[in-house]
Amino acid sequence: MNLPLKDIIVLEFAQFMAGPSAGLRLADLGARVIKIERPNSGEAGRQIALKNLFLDGSSLVFHTANRNKESYTANLKDSEDLKRVKKLIEKADVMTHNFRPGVMENIGLDYNTVKEINPQLIYATVTGYGTEGVWAKKPGQDLLVQSMSGFAKLSGNKNDDPVPVGAAVSDIITGTHLTHGILASLLKRVKTNKGALVEVSLLESTLDFQFEAITTFLNDGHQKPVRAKQGNAHAYLAAPYGVYKTKDGYIALAMGSLTNLGRILQNPELESYKDPNTWFEKRDEIMDILRSILINKKTEYWLHLLESKGVWCSDVFDYKRLLNHKAYKVLKMDQKFHLLSGETVHTTRCPIRLNDERLFAIKPAPRIGQHTESIIKEFNL
């Protein structure tokens, strides 16, 4: 398959998840992504593990975020290594990094210096909180950003402590925004023949991720979001929106007419809430009524009844049930690739399809410096 980013060369100085997740997507779409890593230890993300799972000397997380990439090692404080890297920059289309403000300036690979080396380069950076202000040099880490951005106050129930989301949402959405900026700049370069500086931060991306909630706050007298007492799924949405326990599991109810739901459930008490404004104002008492009804039957019973009447609802799956469901299997989201060690990584594929074709990994994440010598020869470094 002739992928759309074929022949685009990306130099990835980024580590951990936000920057590398952008490189992952570019690589999946055909770009040649070369990781610039420290000799011996490689990028720090190789040692960041979930459940302490490692394969072939690097964390499983590293393998999931760095497929389809190459590894070139260089000590950026060594003048000869730096000279080679600058020659590589001359040949590149994109360069990414997520060092704290000031680091690349000290090395001599800041944007103003690099654009003199290669005026057509797209120079893309990730910071934690931008390049200015009192937080500029604070560690940019997903949990910290979820907590500082207000995001952790949206999940959980009314009386819960702050509840961070159990996934690296700040990192991944920031990587997505970085990818958007890079692709837009590559398109502009076709017209202008000039490079660009792309800047994103974890904080700004996480704030944008909450644009619905923040816009509501800004236009509603700055009233704090109030989570539902139980089953909260959105601090600003009215009943029945939420998750409810059934006789054998759970059911999720999305937005919809409460009076219509009351008719379907044959419950006059629910039908009595005629004014849609009360669906939010009296959300907790309405959800209590729904809980008292839904607990009496199994999830399958409620799904059959409600879906047949056009109510938006779903079961609540765990991974084991989901990954064995025929609706998941038809997506063909799984892929496996083999490491040099002989170990196998079982992960998900790129979610994008092109011309009705799914995109699977061509090669696994590289070992530290695996491609250094071949890249030196290829580019005459």
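The values are calculated or read from the model by the stated rules, or taken from the named source; none is laboratory data. Just so you know, these numbers come straight off a predicted model, no measurement behind them. Backbone-built Cβ (ideal geometry, glycine too); neighbour counts: all protein chains shown.
A few comments on the model shown:
- Failed item, numbered, when residue 336 is tested on (1) over 30 Å from residue 73 (Cα atoms); (2) exposed (fewer than 12 other Cβ atoms within 10 Å of the Cβ); (3) within 22 Å of the chain's Cα centre (by Cα): (1)
- If you go through segment 29-88 and keep only what is part of a strand (DSSP E or B), hydroxyl-bearing (Ser, Thr, Tyr) and touching a residue at least 60 places away in the same chain (Cβ under 8 Å), you end up with 58, 71, 72, 73.
- If only residues of segment 149-183 that are touching a residue at least 40 places away in the same chain (Cβ under 8 Å), under 19 Å from residue 212 (Cα atoms) and in a helix (DSSP H, G or I) are counted, the one that is nearest to the chain's Cα centre (by Cα) is 172.
- Residue match in segment 46-62 (condition: hydroxyl-bearing (Ser, Thr, Tyr) and in contact with a helix residue (DSSP H, G or I) (Cβ under 8 Å, 6 or more places away or on another chain)): yes
- Evaluation of residue 233 against the conditions (1) modelled with pLDDT under 95; (2) surrounded by 14 or more Cβ atoms within 10 Å (Cβ to Cβ); (3) out of contact with any Gly (no Cβ under 6 Å at 6 or more places or on another chain) shows that the sole unmet condition is (3).
- Checked against the criterion of being more than 19 Å from residue 229 (Cα to Cα), in contact with a strand residue (DSSP E or B) (Cβ under 8 Å, 6 or more places away or on another chain) and not charged (D, E, K, R), segment 270-286 contains not a single residue that satisfies it.
- Residue in segment 69-83 that is in contact with a Lys or Arg (Cβ under 8 Å, 6 or more places away or on another chain), among the polar types (S, T, N, Q) and surrounded by 16 or more Cβ atoms within 10 Å (Cβ to Cβ) present: yes
- Given (1) out of contact with any strand residue (DSSP E or B) (no Cβ under 8 Å at 6 or more places or on another chain); (2) small (Gly, Ala, Ser); (3) surrounded by 14 or more Cβ atoms within 10 Å (Cβ to Cβ); (4) closer than 16 Å to residue 13 by Cα, number of the condition residue 59 does not satisfy: (4)
- Residue count for segment 194-246 under the criterion of being among the β-branched types (Val, Ile, Thr), touching a helix residue (DSSP H, G or I) at 6+ places or on another chain (Cβ under 7 Å) and part of a helix (DSSP H, G or I): the result is 2.
- Residue pairs whose Cβ atoms lie under 6 Å apart, separated by 6 or more positions or on different chains, with the first residue in segment 327-340 and farther than 18 Å from residue 70 by Cα and the second exposed (fewer than 14 other Cβ atoms within 10 Å of the Cβ) and of a type outside the set (Val, Ile, Thr), are 328/322; 336/346.
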